[in-house]
Every structure is written in structure tokens, then in C-alpha cells.
Amino acid sequence: AGIISTLILSASAYSAEMTVGFSQIGSESGWRAAETSVAKTEAQKRGITLKIADAQQKQENQIKAIRSFIAQGVDAIFIAPVVQTGWDPVLQEAKEAEIPVFLLDRNITVKDDGLFMTGVAADSVHEGAVAAQWLIKQQDGKACNVVELQGTVGASVALDRKKGFLDTVAAVPTIKIIRTQSGDFTRSKGKEVMESFIKAENNGKNICAVYAHNDDMAIGAIQAIKEAGLKPGTDIKIISIDGVPDIFKAMMAGEANASVELTPNMAGPAFDALLAYKKDGALPPKHIKTESILFEPESAEAQLELKKDMGY
Ligand code: AHR
């Protein structure tokens, strides 16, 4: 017992000295708020000081925050990158300052992969494919006009969720994407775009399903469908991604049909990889992949309880 307590003491004393700067995108969705709150809890568990900078959805703010973290000499930088490109110069600066960079929940394209240590994220192409497979199964050969609410323009998750869905439905000619537009991952824009889709498509009567790149936009769309006098979940099927409490509530009310869960615990695996690296130089895999499980109304109540227990 003596050896164990000494080991625990030295591990926590070690991590208590670490400071991580986290450049967070913003608070555009329920999922994002959950990710921020889980990151704080996971840092606390490990005795790590976490400094969070909210970029209000702007890459330029993220770049400023990263430069400020470099100037402060933090031990590591976590970035949830709002868009996929444009990171090379600032990550080069972090590399020159010998500060390891960890990516959370979205990917980037850089000339040199050595500019970041690892990325913790789901396979977003797979998420889109899972959503499409669900719809194909539901339709069972029946025709379906789909409207798509895309995430933030240029975000890896928006590009990949689109690709995964499109590639999968391409094999089924009866399923067609008739309209697609960005709702920027927010509830209000999701509603606004859905209102325009409804107007353009015979007051929504031509629409069979909404594929939303996140739950918040799906919830905005549900509101727009109700205001148009149609029943979401029945007249128009709703499939989205995230698995946040509000989508499970919508499922329980019969207004949403399925969601592909994205865990908000992206920081936990990144902290573990950072601690292992600082301790003995262990290099993590380049991508740490999280699961993508699809949930339907049957499991909504249990999922909601689980989220409450997890504190979000
Ligand atoms: O990058 C993850 C995505 O960003 C989530 O699906 C969405 O809700 C968030 O804004």
C-alpha cells in the first residue's frame, strides 16, 4: 500500500505542475458546451491546470489564442479546429517553441503531420455513413427526398459527414438529396435554413427526411416543421449526429428518429496521451478514434439518464 500511495502522490504532483491551453471553437451547440465542461472535469481529475480560450467560431481568434499560449509557455496546446485548413504557420511556431499540440474533435490538413502530436476524434465519414444506412433501412426501397443541414463551412466534420452520407446513398437511386445548405451547427440557423427549404418544397410536402450534421440544427429544423403545420418524426423523418440530451427528449416526444452519438469526452484521452508523453516520451497513435453508435427512440430515456449521471 505504501508503494501504491507513493506512486499516486508522485503522479499527481507531476501533473499538478502542468498547464494546458485549450483553444475552443465557441459554444455553438449543446455538444460543444458539454465538451468544454467535460474537459474541465477531466483536467481537474488529473490535477492539470486548464486555460480555455473561446474563439467565437473564428479561426483568427484561435490563432491569436494559440500565439498567446505559446507566449505563456504552456506545457501543451489543445485545439478544436473550427476549419480544416490554414494552420501550418501557427503550428510551426508551436513546434519551434517545443509545445506539443493535440487536436480535439475535428481534423486538419497540414503539409507536415509532425505539427501535431495526435487528434482525438470520431471518423466523421463513418458517422455520415451510419446515418445514411439507417435511412436506407427505414425506407426499405421507398423513395425519399432528403434535405441536408450542413455544419460550419470548411469544418472537417461538415465535409466528412456530407461525404459519408452521400457516398452511402449513392448506391440507392430512390434516395435523393434535394437541398443542402450550411446551418453553421447552430439551432437558430438550422431553423432558418429549414424554413427556406420548407417554403421551396411545397410547404414541406416534398420532403421525406432531414439529415442534420448535428442535433442542434435538427432541433431548429423540428421547430420549423412544427410551425409549418407538419409533424417532425412522422411527416418528415429526422436523423442527426451528437446524441445530446435535447435530441433524446425530442425522440421521447416522437419528434426525432435517430442520432449518431459523438462522445463529448475528447479531452480525457488527450490528457492521457500528454501525460504518457511527458512521463517517458511515449508517442500516441496519430489518430485516437472515438465510437459512433446510433441511438433510436427505444433507448432515448436510458440515454438521457446516462447523460444526467455524467453531469451534462
Ligand atoms: O466537431 C464536432 C461538432 O461540432 C459537433 O457535432 C457539433 O455539435 C459541434 O458544433
Among GLU195, GLU93, GLU17: highest mean-square fluctuation, GNM of the chain, C-alpha pairs under 10 Å: GLU17
How far apart, in nm, are two points set 7 Å out from the Cα along the Cα-to-Cβ line at LYS64 and at ASP235? 4.5 nm
At the level of C-alpha centres, the distance separating the range 71-125 and the range 229-291, in angstrom, is 21 Å
If Lys and Arg each add +1 and Asp and Glu each add -1, what is the summed charge of the other residues whose beta carbon sits under 12 Å from the beta carbon of CYS144? +3
For the chain, calculate the relative contact order in percent as a whole number, restricting contacts to Cα pairs under 8 Å that are 6 or more residues apart. 16 percent
GNM result for the chain, Cα springs below 10 Å: residue of ALA267, ALA53, ALA282 fluctuating most strongly: ALA282
Accessible surface of the range 236-285 [probe 1.4 Å, protein heavy atoms]: carbon and sulfur percent: 54 percent
Taking every other residue with Cβ under 12 Å from the Cβ of ASP246 and scoring Lys and Arg +1, Asp and Glu -1, one gets -1
Going through the range 251-312, which trypsin sites (Lys or Arg not before Pro) have at most 13 other Cβ atoms within 10 Å and a DSSP loop state? LYS286
Mind pulling the angle between the C-alpha long axis of helix 300-310 and the longest principal axis of the chain? Nearest 10 degrees, somewhere in 0 to 90. 20 degrees
Under a plain spin-label model, where a point goes 7 Å from the Cα along Cα-to-Cβ, how far apart in nm are ALA97 and LYS176? 5.3 nm
The chain, accessible area per residue, ligands and nucleic acids excluded (1.4 Å, Å²): 44 Å²
Rough spin-label spacing in nm, given labels placed 7 Å along Cα→Cβ, for GLU227 and ALA143: 3.0 nm
Say R0 is 35 Å: what FRET efficiency, to the nearest 0.05, do GLU298 and THR49 get from their beta-carbon distance? 0.25
Going by alpha carbons, how many degrees (0 to 90, nearest 10) lie between the helix axis of 215-227 and the longest principal axis of the chain? 30 degrees
Using R₀ = 30 Å, calculate the FRET efficiency as 1/(1 + (r/R₀)^6) where r is the Cβ-Cβ separation of THR19 and LYS163; round to 0.05. 0.20
Under a Gaussian network model of the chain whose springs join Cα atoms within less than 10 Å, the largest fluctuation of THR174, THR19, THR186 belongs to THR174
I'd like the accessible area for ASP105, computed on protein heavy atoms only with a 1.4 Å probe and all protein chains in place. Round to 10 Å², please. 10 Å²
Looking at the square roots a ≥ b ≥ c of the eigenvalues of the Cα gyration tensor of the range 172-312, which shape do they give, rounded for a/c under 1.5, prolate if a/b is larger than b/c, or oblate? prolate
What is the angle, in °, between the Cα long axis of helix 2-16 and the longest principal axis of the Cα atoms in the chain? Nearest 10 is fine, range 0 to 90. 70 degrees
Set the Förster distance to 30 Å, then compute FRET efficiency between ASP280 and GLN56 from the Cβ-Cβ distance, nearest 0.05. 0.20
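The values are calculated or read from the model by the stated rules, or taken from the named source; none is laboratory data. This one's a predicted model, so the numbers in the text were calculated from it and none came from an experiment. So basically every Cβ, Gly included, is an ideal-geometry build from the backbone, and we count neighbours across all protein chains shown. Accessible surface areas use protein heavy atoms only, side chains included; no ligands, DNA or RNA. Shrake-Rupley method; radii C 1.70, N 1.55, O 1.52, S 1.80 Å.
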